[in-house]
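Heads up, the thing below is written out as C-alpha cells.
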Amino acid sequence: MESHRLPQHVVPTRYDLRLEPDLDRFTFTGTETIAVTVREATAEVVLNAAELEVTEASIEDGTGVRLPGMVEMDESTARCRFRFPHHLTPGAWRLHLSFKGNLNDKLRGFYRSHYKDQAGTTQVLAATQFEATDARRAFPCWDEPAFKAVFATTLVIDPALTAVSNTAVRSELVEGGKKVVRFKDTIKMSTYLAAFIVGRLEATEPVMVGSTPLRVWAVPGKQHLAGYGQEIGAYSLRFFEDYYGLPYPGDKLDLIAIPDFASGAMENLGAITFRETALLLDERTATHGERERVADVVAHENAHMWFGDLVTMTWWNGLWLNEAFATFMEMLAVDAWKPEWRRWEAFGAGRAAAMSVDGLHATRPIEYPVHAPKDADAMFDVLTYEKGASILRMLEQYLGPDRFREGVRGYLRAHAYANADTGDLWVALERAAERPVPALMDDWIFRPGYPLISVKVDQQGDLVLSQQRFTYLPAAAGELSAEEQEQEKAQRWQVPIQLQVTARGQATTQRLLLTEAETRLALPQGFESVLVNEGGHGFYRVRYQPGLLERILNAPERLTGIERFNLVSDAWAAVVAGLIPLAGYLDLTARFRGGRDRNLWGVIIDSFQVLNRLIAPADRPGLEALVRDRVGPAVAELGWTPSAGEMEIMRQLRGDLLRALGTIGNDRTVQAKAAELYGEHGRATPARELDPNVLAAAVSILAFSGDGGRYEEFLRTFRAAANPQEERRYLFSLPLFQQQALHEQTLARTLNGEIRTQDGPALISAMLMSVYARERTWAFVKANWDKMDQVFPKNGVRRMCGGVLGLATPEWERDVRRFFADRKIDFGGKVLPQYFEQLRIAVTLREREGKALTQYLKRSL
Ligand code: BES
Ligand code: ZN
C-alpha cells in the first residue's frame, strides 16, 4: 500500500534546476542541485523519477566534501534510490544530479506540442504538465505535494526561442550560441506546480493588477485573440486579492495557450497553461457558452494561485480543498464580473451532474484514499469539483457569506506556503462562524451520497420532512455487501434546509437543520404551499407528496430559476430511479413550454437525449414529434434573430432550442432555414450577420442532416479555422453526421494524426453516445484499444470510456463489462464501477419504461 510513497528521512528545501531541451531531437538534458535536510542519519536517499536516465549523482556536505552515489531506478514505483558509501549525518546537504529524457508526445511531464505557423510550416514547442504525479518525468524530485521547496530554474535554449517559467526572468545571456534564461526564485511550493514552456511564443503587453504584470501568451498570429482572456484574468486576480485579503503570491502572472493540452488548464504558479479554446477567443464570433468557458477557466486557475498554490492539500485525498474551492471561487468571480450571466443559476447543471454520479452505489466520498498515481488521476471528477463546490456553496449560504469569507481568509493565512487538511479548514471556519462546523460538514465530505428529502403533510396537518439516501438502483443491485447495504439505509446527514411557506398569499422563509431521520413543523393558518430548498443551494433532492407538488406547479412564477431547475431535475431523477412514472414527467415538461430559462431547457433537452438513446428506431419519429411539440413554441416566439439589446443568455437559449429542434426534433423547416442562413453567411457580404449562437446551432443541425459533401466542407472549415472555437465547433460537428461511411472516416482520423490526441477521445466519446454511430464506434474502440491506449493522453482514455453509457441495451452492457474485465482495465478509484452502474441504470430505465414510452408517444402523436 505504502509502496508509492516516499520516506521522510531526507527532505528537499530548494531545487536549482537547469534544463536544456532539444526541440529538433525531442530530447532534453538536465542538471540539478537539490538542497536537502537529512533528518536521520542514512546512507540512502529516495526520490521520484520516471522515464529519466540519471547519468551522475553525488552529494555534498556543508564543507564541500562530495560523496558519489550509486543509482538504482525502479520504474514500477517511479522511484530512484541513491546509495552512498557511508552514512550522511543529519543536517544540510546538496544532492547533485545529471539526467536526460525525451520530450514525449503524451501531454504530460516535459512534452512536445506541434502547430502550423502562418507560413504553414510545422513548428514544435515544449511544455510541461505535472499534476498530479508527472514532475518526476521532467526531473528527479520529491514529487508529493507536501514536500514544498523553492525552485530556481534555468533554461538553456535556442536563441530564436522564448522561455517562460513560474517567475520573472532574472537574467538572460547568450553563452556558446545558446540563450541561457535564469528565472527568479519561486515561493515555497509543491513540485506539481513547477512549469517551463519553450517555443516561438508571443505575449501581449502586460496589464498591471496592483504590482503584478499579467500577460497572455500564444504561438505567433493569435495575439488578436488574447484580449478577452486578459480582461477576465485581470478582473479575477483583483477580485481574489480582495476576497482573500492577501496579495497574489507570485511576482508576475502569465497565461499561456498551448496547442496540445490534456485538460482544460493548469494552475502552475505564475505560468498558467491552457488549451487554446480555454484562453483565446474572438469576441465577435464566440457563442455565449464559449465566452463563459474562457471566463470560467481563467477565473478558476487564478483562484488556485491561493487555493492550491499558496496553501496546498497535504495529500491527494484532500484534492477537493484545491478543486472544489477553485470551482466555487470561479463562480463567485464570474458572477461578480457579469451578473447578467446568472452564473450561479447555470451552476445548477454542475450540481445536477454531481448528483447523478453521487446517486450511485459506486460513488465515493469527496475525500477518498489515494495510493497509486492512477488513484490520484481518478480524483479529478465531478465529485471533487462539482459536489465539492456545491457543498461549499451550501455552507457559505448557511454560515453567511461574510463569516464564510472570514473563515477562508483565516485558513489561507494560517497555512500559507504550507499544506493543510480538511480539518484545518473546519477549524478556521468554526473560529469565524462561531458555530460547530465539523458536525455539520463531515458527513458531506467523508461519507458518500446525499439525501432525498421527502415532504408531506400528515393527518394532524403538520409538515413532515424526512431524509434517506438517494440512489437510482435498489441497494441489492449495487454489488454491495449486506453490511454496506445496511450502512446505506441508515445514513443520515445534517441538512441545512431553507424552506418557503406560503400562507394567505404571504411567503415566509424558514431555516432549519435537519439532523434526524424525520422532523415535523406546524403549518400556519391558511397554508397554501411549501417549497423545500428555497434558493436552490442545498445538495439534496426533494420529493413532494403529489398534492404539494401540484400547489407549487400552480404558481410556477413564484419560483426562481434555480428552484425551477431543481424541480424538473429532481423529477427526471425520480423517473430514472423508478420513483415516478415517465408519463408524469413528460406531462410536466409540457407545462414549461413557454419557459425562457436556458438551464431549465437544458435538463429537459438532456432528458430527451437520454430517451432518444433508449428507444427503438420505430419510436424515433414519435420522440421527434414530442420534441417539436415541446420546443417548437418557444422557437416560434424567439425567431432566428436577436432583438436589439437582448441579453446574452437569451441568445444562448435561442441557439440551444434551435439545435434541439433541428437535431433530435428533426424539424425539416428548421433544417432548411439553417441551410439557407448558413449559405448566406458564407458569402463574402452576408445579407445579415448571423448571431454566433445561431451559427453554432446551424453547424450542428447541418451536420446532423448533412451528406458527404457537407462533411467535406466542414472538415475543410475545421482545418482552416480562424480561431480555436471555430476549429472546435467544426471538429465536434463530425460525430453528428448520420452516415456510417462518414463515421468510418471520422474514427480513422482520430488515430492517423489528423485530429489532435487532446481531442480524439472526446470525439469518440461523442460517437459512442450517438444513436447512429455508437455500434460501429464501440467495435472500433475494441479493435483499436491498444493503439488508443498508446497514443491518447491518459485522462482522455478514461473520459472516452464514459461514452459506454450510450450503449444501453442488455447485450451491449454485457459486452462492455466483458471487454473491460478481459482486458483488466482499471482507471483507478471508482471510475469503472461508476460507468458500469450508470450503464445498468440506463438499461433498467429502458426495460422499465420502454413500453410506456412507446404508448405515450403514440398517444401524443
Ligand atoms: N488542476 C486542474 C488541472 C488538472 C486536471 C490537472 C486534471 C491534472 C488532472 C485545473 O485547475 C482544472 O481544474 N482544470 C479544469 C478546468 C476548470 C475550469 C474546471 C480542466 O482542465 O478541465
Ligand atoms: Zn482546478
Residues (within 16 Å of ligand 2 (Cβ to nearest atom), of a type outside the set (A, V, I, L, M) and assigned to a loop (DSSP other than H, G, I, E, B)) located in segment 360-391: Phe380, Asp381
Matching option when the condition is under 20 Å from the mean Cα position of the chain (by Cα), more than 16 Å from ligand 2 (Cβ to nearest atom) and either aromatic (Phe, Trp, Tyr) or open to solvent by 30 Å² or more (accessible area, probe 1.4 Å) (or both), among Met800, Met769: Met769
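Residues checked against (1) on the phi > 0 side of the Ramachandran plot; (2) part of a loop (DSSP other than H, G, I, E, B); (3) not polar (S, T, N, Q):
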residue: Pro7; (1), (2), (3): no, yes, yes
residue: Thr13; (1), (2), (3): no, no, no
residue: Asp24; (1), (2), (3): no, yes, yes
residue: Phe28; (1), (2), (3): no, no, yes
residue: Val46; (1), (2), (3): no, no, yes
residue: Ala57; (1), (2), (3): no, no, yes
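For (1) surrounded by fewer than 20 Cβ atoms within 10 Å (Cβ to Cβ); (2) touching a residue at least 24 places away in the same chain (Cβ under 8 Å); (3) on the phi < 0 side of the Ramachandran plot, each residue gets a yes or a no:
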| position | (1), (2), (3) |
| --- | --- |
| Ala779 | yes, no, yes |
| Pro793 | no, yes, yes |
| Gly796 | no, yes, yes |
| Asp822 | yes, no, yes |
| Gly829 | no, yes, no |
| Ile841 | no, yes, yes |
Residue selected from segment 392-411 under the condition out of contact with any Gly (no Cβ under 8 Å at 6 or more places or on another chain) and over 12 Å from Leu429 (Cβ atoms), by the criterion farthest from ligand 2 (Cβ to nearest atom): Asp402
Residues located in segment 443-466, provided they are of a type outside the set (A, V, I, L, M, F, W, C) and in contact with a strand residue (DSSP E or B) (Cβ under 6 Å, 6 or more places away or on another chain): Gly449, Pro451, Ser454, Lys456, Asp458, Asp462, Ser466
Number of the exception - Pro213 against (1) under 24 Å from the mean Cα position of the chain (by Cα); (2) assigned to a strand (DSSP E or B): (1)
Residue within segment 133-149 that is farther than 30 Å from Trp316 by Cβ and out of contact with any Gly (no Cβ under 9 Å at 6 or more places or on another chain) present: no
Filtered residues of segment 622-651 (kept if in contact (Cβ under 8 Å) with a residue 60 or more places away in the chain and either among the aliphatic types (A, V, I, L, M) or within 26 Å of Gln738 (Cβ to Cβ) (or both)): Gly622, Leu623, Ala625, Leu626, Asp629, Met647, Ile649
Any hit, segment 318-337, residues being open to solvent by 10 Å² or more (accessible area, probe 1.4 Å), charged (D, E, K, R), within 12 Å of ligand 1 (Cβ to nearest atom) and closer than 21 Å to Lys222 by Cβ: no
Residues (assigned to a helix (DSSP H, G or I), more than 14 Å from ligand 2 (Cβ to nearest atom) and open to solvent by less than 10 Å² (accessible area, probe 1.4 Å)) located in segment 256-312: His288, Val294, Ala295
Test result for Leu499, surrounded by 12 or more Cβ atoms within 10 Å (Cβ to Cβ), in contact with a strand residue (DSSP E or B) (Cβ under 7 Å, 6 or more places away or on another chain), of a type in the set (A, V, I, L, M) and touching a residue at least 40 places away in the same chain (Cβ under 8 Å): no
Elements of type helices (runs of 4 or more DSSP H) in segment 499-613, at least 2 residues being more than 26 Å from Ile664 (Cβ to Cβ): 546-553
Restricting segment 79-89 to residues that are buried (at least 21 other Cβ atoms within 10 Å of the Cβ) and of a type outside the set (Phe, Trp, Tyr), the residue that is farthest from Arg5 (Cα to Cα): Leu88
Any hit, segment 269-276, residues being closer than 26 Å to Leu321 by Cα, within 13 Å of ligand 1 (Cβ to nearest atom), more than 14 Å from the chain's Cα centre (by Cα) and of a type in the set (Val, Ile, Thr): yes
Qualifying helices (runs of 4 or more DSSP H) (wholly inside segment 738-855; at least 1 residues being within 30 Å of Asp619 (Cβ to Cβ)): 740-751, 760-768, 774-783, 794-801, 810-822
Test: Ala35 is open to solvent by less than 60 Å² (accessible area, probe 1.4 Å), in contact (Cβ under 8 Å) with a residue 40 or more places away in the chain and part of a loop (DSSP other than H, G, I, E, B): no
All positions within segment 105-147 that are open to solvent by 20 Å² or more (accessible area, probe 1.4 Å), free of Cβ contacts under 8 Å to residues at least 60 places away in the same chain and either within 16 Å of ligand 2 (Cβ to nearest atom) or not basic (Lys, Arg) (or both): Ala119, Gly120, Thr121, Thr122
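The values are calculated or read from the model by the stated rules, or taken from the named source; none is laboratory data. These numbers were taken from a predicted model, which means no experiment stands behind them. Cβ: placed from backbone, ideal geometry, glycine included. Neighbour counts: every protein chain shown. These accessible areas exclude ligands, DNA and RNA; they are computed on the full protein's heavy atoms, side chains included. Shrake-Rupley method; radii C 1.70, N 1.55, O 1.52, S 1.80 Å.
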